[in-house]
Structures are given as C-alpha cells and as structure tokens.
Amino acid sequence: MLERLPAYRPLTGADLPLRLAHRSEMTDALGPITGWRVREIGDGNLNLVFVVEGSRGALIVKQALPYARVVGEGWPLSLARATFEFHALTRLGARDPGRMPKVLAFDETQALIVMEHLTPHLILRRGLIAGECYDDLGRHLGHYLARTLFRGSDLHLGPARRKADTALFCANVELTGITEDLVFTDPFLDHPRNRHTPGLEREAAHVRADRALTLAACEMKARFATRSETLLHGDLHTGSVMATATDTRVIDPEFAVYGPMGFDVGALLGNLFLAFFAQPGLPAGSVDRAAYGAFILDLAATVWASFTAEFSALWHSERAGMLGGRDVFEGQGDPRGADLLLKARLGEIWEDTLGFAGIEMHRRILGLAHAAELEAVADERVRAACERRALKAGRALAVGRTGFARMADVCALMLDLAGGARP
Ligand code: SR1
Ligand code: MG
C-alpha cells in the first residue's frame, strides 16, 4: 500500500508523475518515469481518472475530488468515498474473483486508488450505443450479482463479520444520501437539480402528480434505506461495467452500502431497458437496431436467469449463515423447507428488482444524472419519444412490480411499448 502523503491535493496530468514516481507499485508496473504518459479520462459524475502509460504497461489512478465533478465546487463532498470504494473493491472483488479491476495501491490521504488498466475494454454504455456484440456478458453479470449479493449476506457470512461490514459501510452516508435523493426523491417532485429533454414537460408533470408511482418510489426508498441484506455495489448501471466481446468487469463501487439484493439487480436491468428504448433513435450505420434491441432484452433475461441459477447453486453449496434455515429445516429432517425458503427469497428479490428498475428508469430521464445511451440520441424530438416509451415501461415495472410472473412477460411488455411484435 502507498505511504501517506502530507496533505490532500488534486492531481494534474502534469504533476502526477513526480508525485507518484517514488511508489514502487507504479514503477514496477509502468517502468521508468521518463517514459510515463498521462491522460485524464474521467467522464463520470464525481472523480478524476487518469490513465498512466509507461514502457512496461499502463495503470489507472482514480482520485476523489472534494466536490461532485458534475456540478463543481458548489456541491462539496468529502474525500471518504475513495475509502469506501477501496473497501468495496476488496470485498466484492474477492466474492467474484476476476470480475473487478485489481487494486495495486490505496492512499487514503490523497483519496486515490491505483488499479489495473482494463484494455481493450469499453464502458458498456458506449458498447450498447455502438452496437457491440458480447458473448458472455449476461452470464458474467448474473453470476457477479449472485456471488457478491449472496456472499455478502447473512446467508453466507457469520453474524459478527456481516454486522462489522454493515457498520463500516453505514458510514458511507454522503453517497448513500445522493442515492436516496437523486434516485427516489428528486424525480418525483419539482427539484432544481432535475432536467429533462425538451418536449417531456407534460410527462414530468404527470409523474409528479401520479400518486401510485410516487407511492412506489416511497416504498422502494424505504426498502433501500432499511433492508440491510448485503453489500451492494450501489451504482450498478451500464457505465459501471467495462467489457470486451469475451470479458466483463465491474468498476466504481464507491456507492457501496448494505441494502436489499434487488437494488443492484434492478439498477442494472433498468439501465439495460433504457439502452433498449434508445435503440430506435441511435444511428443505424451497420447495426440493425431492431435486432440489437432484441439482443439487449435477451441480455437482460440472461442476467436474471444466470443470477437465479447461480444464487440457487450457492444456496445449496455455501449456505453457512444464520438466515439459510439450515437449523430449522435440515436440522429437523425437512430439506424441502429450505427449497421453499429459497423460492420465497428469489420471489422477493424479483419484485424488488422490478421496483428498483422502474424507479431507476425514471431518475435517468427526469433527474440529474442521465443515461448516455439516451443522451446519444441526437434529435431531441426522437429522444423525447424514446424516453416517453421508457417512462411508460418504468411506471409499469415500479407500480406493477408484484404482477409479473416471469422475465418473458417483462420483455414482452418492453417490446409492446417499443412498438415491436410479441415474441
Ligand atoms: C452527483 S452523482 C450523480 C450520479 O452519478 C453516479 O454515478 C450515481 O449514479 C449518482 O446518482
Ligand atoms: Mg461511477
């Protein structure tokens, strides 16, 4: 690990080599400082991200700023998010080995993490805009979700370890507060942080007057804030995934907190659905956008199927924690009881997933932080039309979350709303 530096200072491309060259983790991986080339590539909402290339290889240096980059110094934020990100990278990375970038060094004072440079990986949002093909993405993400959510919970961990981690991540109040406000609150009222595509004024007003939808947002917010089931990534949208045709990585877990399992699954699926609704508005080029939309729905279905399959396998092989029902069922000769408990857990996660997905779809259209897939639709009238359909779908999921029996029904709804034929 890095030694502490005297006082926090944001890095610049120009001073990074001199400030980090004495770190052996850097020189070992990059080679001599004379060959270092630095580029700032951060396009997220919060941090600085540098790629440092040397004669031997490349690394990423991610540093928190004392404010939210998307707004500027007018939105101060503490540097503590780098510490939560480091602890989350360590834990989630160990729960699904190989799925997160390797961490080489962490400096708490400078709020920076040095990690593996993922190349030729592309941010998934960019890949879904470009119409990239992925072989195993859905399976990788479904397994990632099952492994991290199961292994961070009382189904697997002992109570002392689980409670210690819950306490650790409970302190991530600032970023959790951003989620509570930006995801579950702002889009459902007239807030100055909100923005939307011109042409959606009527829809934005309808959302705010829609009691059933607002009730769903309040209910999902309560589940997010009070159901401390497992360590969440906390911000698992398609900008937090990097992929090649055959490899998938999950990045940026700085919003990590203990919460309900369906939150991560729902955030991911909600963002995939947004990418689906963006397809008709994106330049076709060599991409058949209708076929690519079907691919995205299939991807969402594969995520869910792989999640449930892996979660069920872990249930049978790694259910060592106190909430798996081993004592009351196996202990008393009723193994079938545990199967019913698994079915009930997956049923709850399914309903939560749909609820969180529907709310996420609203906040990425009406709130502060939007989805690049929809933002990439250049013509505002076309974008507004895509977003109108996505809002209808999001409402159907959030309000009707207890009424969908299968993923096929969800995908059929998406196709109907997009104007496509039922499969
Ligand atoms: C001020 S942060 C806005 C959003 O960006 C992050 O990626 C999270 O999604 C957050 O809600
Ligand atoms: Mg992020």
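Annotations
- Of the set (1) modelled with pLDDT under 95; (2) assigned to a helix (DSSP H, G or I), all apply to residue 423 but (2).
- Taking the stretch 51-97 as the range and being farther than 14 Å from residue 253 by Cα and of a type in the set (S, T, N, Q) as the test, the residues that pass are 55, 78.
- Those residues of the stretch 14-44 which are closer than 24 Å to residue 253 by Cα, open to solvent by 70 Å² or more (accessible area, probe 1.4 Å) and of a type in the set (A, V, I, L, M, F, W, C), in sequence order: 41
- The residue that is nearest to the chain's Cα centre (by Cα), among those in the stretch 36-68 that are more than 16 Å from residue 119 (Cα to Cα) and hydrophobic (A, V, I, L, M, F, W, C), is 46.
- Candidate set from the stretch 69-110 (those that are of a type in the set (Gly, Ala, Ser) and within 16 Å of ligand 1 (Cβ to nearest atom)); member that is farthest from the chain's Cα centre (by Cα): 74
- Close pairs from the stretch 126-149: first of a type in the set (Val, Ile, Thr), partner in a helix (DSSP H, G or I), Cβ under 6 Å, at least 6 apart: 129/373; 148/92; 148/95
- Matching residues in the stretch 60-102 - criterion: being at pLDDT 95 or above and charged (D, E, K, R): 62, 81, 85, 91, 95, 96, 99, 102
- Check on residue 180, touching a residue at least 40 places away in the same chain (Cβ under 8 Å) and not in a loop (DSSP other than H, G, I, E, B): yes
- Listed conditions (1) in contact with a Leu (Cβ under 9 Å, 6 or more places away or on another chain); (2) open to solvent by less than 10 Å² (accessible area, probe 1.4 Å) are all met by residue 47, apart from (2).
- The single condition among (1) open to solvent by less than 40 Å² (accessible area, probe 1.4 Å); (2) assigned by TED's automatic domain parsing to the domain that holds residue 235 that residue 130 does not meet is (1).
- Here 410, 377 are screened, and the one residue that is surrounded by 14 or more Cβ atoms within 10 Å (Cβ to Cβ), touching a Lys or Arg at 6+ places or on another chain (Cβ under 6 Å) and within 18 Å of residue 279 (Cα to Cα) is 377.
- Scanning the stretch 228-251 for residues that are outside any strand (DSSP E or B) and more than 14 Å from the chain's Cα centre (by Cα) returns 228, 229, 244, 245, 246, 247.
- Residue check, residue 78 over 30 Å from residue 149 (Cα atoms) and either surrounded by fewer than 18 Cβ atoms within 10 Å (Cβ to Cβ) or within 15 Å of ligand 2 (Cβ to nearest atom) (or both): no
- Condition met for residue 336 (over 30 Å from residue 387 (Cα atoms), among the basic types (Lys, Arg) and surrounded by 14 or more Cβ atoms within 10 Å (Cβ to Cβ)): no
- One residue alone among 31, 54, 98 is free of Cβ contacts under 8 Å to residues at least 12 places away in the same chain and more than 30 Å from residue 375 (Cβ to Cβ), and that residue is 98.
- Residue in the stretch 290-303 that is farther than 17 Å from residue 138 by Cβ and open to solvent by 30 Å² or more (accessible area, probe 1.4 Å) present: yes
The values are calculated or read from the model by the stated rules, or taken from the named source; none is laboratory data. Everything numeric here is computed off the predicted structure, so don't read it as measured data. Ideal geometry is used to build each Cβ from the backbone, glycine not excepted, and the neighbour counts take in all protein chains shown. Keep in mind that these areas ignore ligands, DNA and RNA; they rest on the heavy atoms of the full protein, side chains included. Shrake-Rupley method; radii C 1.70, N 1.55, O 1.52, S 1.80 Å.
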